[in-house]
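A short worksheet on the structure shown next.
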Amino acid sequence: MQGEQMASSGEKPPARPLDPIDRDILRMLQADGRASIRSVAEHVHISRANAYARINRLLDDGVIRGFTARVNQERAGQGASAYITLKIVQNSWRTVREKLGELPGAAHIALVSGDFDVLLLVHTPDNRSLRELVLTRIQAIPEVLSTRTLLVFEETDLDAEH
């Protein structure tokens, strides 16, 4: 009965524990999301069928959320990046998250604890665009009480280092 209730509410069952082979597969796919099933199987010393089944299970369980390209924002014309901290009206997270997600250049949104409520990463073509985004778009959201902008001078993608 409980499984039926979870299925009807759209929730996924709890993820199964990952074994060392699953973790090796994840590391390999994080380094190269375009790796072939054959190369994954060879790397972790399992059959192709087993590799295929494991990757599908990781996808079905929601461990792997998808495959994307890592983009050099500056080379893609987004020369200004910033983390923006926001203080928001209590209990307005869902509304604010939806509005922030619609912003051009929004790359990551997190509800956090501490001196502020939300941490937002944005990429814009230049500082003028960043200023416009913060002053006219973000600060115009009624649930946003205050913002602080932290410019990114240099960044390193740790996933690419492995």
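Computed values, structure above
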quantity	calculated
Criterion (in a helix (DSSP H, G or I) and either open to solvent by less than 70 Å² (accessible area, probe 1.4 Å) or touching a residue at least 12 places away in the same chain (Cβ under 8 Å) (or both)) met by exactly one of VAL96, VAL122	VAL96
Residue match in the stretch 70-87 (condition: out of contact with any strand residue (DSSP E or B) (no Cβ under 7 Å at 6 or more places or on another chain) and surrounded by 15 or more Cβ atoms within 10 Å (Cβ to Cβ))	yes
Some residue of the stretch 149-157 being over 17 Å from the mean Cα position of the chain (by Cα), surrounded by fewer than 17 Cβ atoms within 10 Å (Cβ to Cβ), assigned to a strand (DSSP E or B) and hydrophobic (A, V, I, L, M, F, W, C)	yes
Search result, residues across the stretch 108-162 that are among the aliphatic types (A, V, I, L, M) and over 19 Å from ILE88 (Cβ atoms)	LEU130, LEU151, VAL152, LEU158, ALA160
Complete set of residues in the stretch 1-18 that are in a loop (DSSP other than H, G, I, E, B) and either open to solvent by less than 50 Å² (accessible area, probe 1.4 Å) or at pLDDT below 90 (or both)	MET1, GLY10, GLU11, LYS12, PRO13, PRO14, ALA15, ARG16, LEU18
Candidate set: the stretch 38-77, residues that are part of a helix (DSSP H, G or I) and β-branched (Val, Ile, Thr); chosen: the one farthest from HIS108 (Cα to Cα)	VAL44
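The values are calculated or read from the model by the stated rules, or taken from the named source; none is laboratory data. Since the structure is predicted, the reported quantities are computational estimates derived from the model, not experimental observations. Every residue, glycine among them, receives a Cβ derived from its backbone with ideal geometry; neighbour counts consider all protein chains shown. We work out accessible area using only protein heavy atoms, side chains counted, and drop any ligands, DNA or RNA first. Shrake-Rupley method; radii C 1.70, N 1.55, O 1.52, S 1.80 Å.
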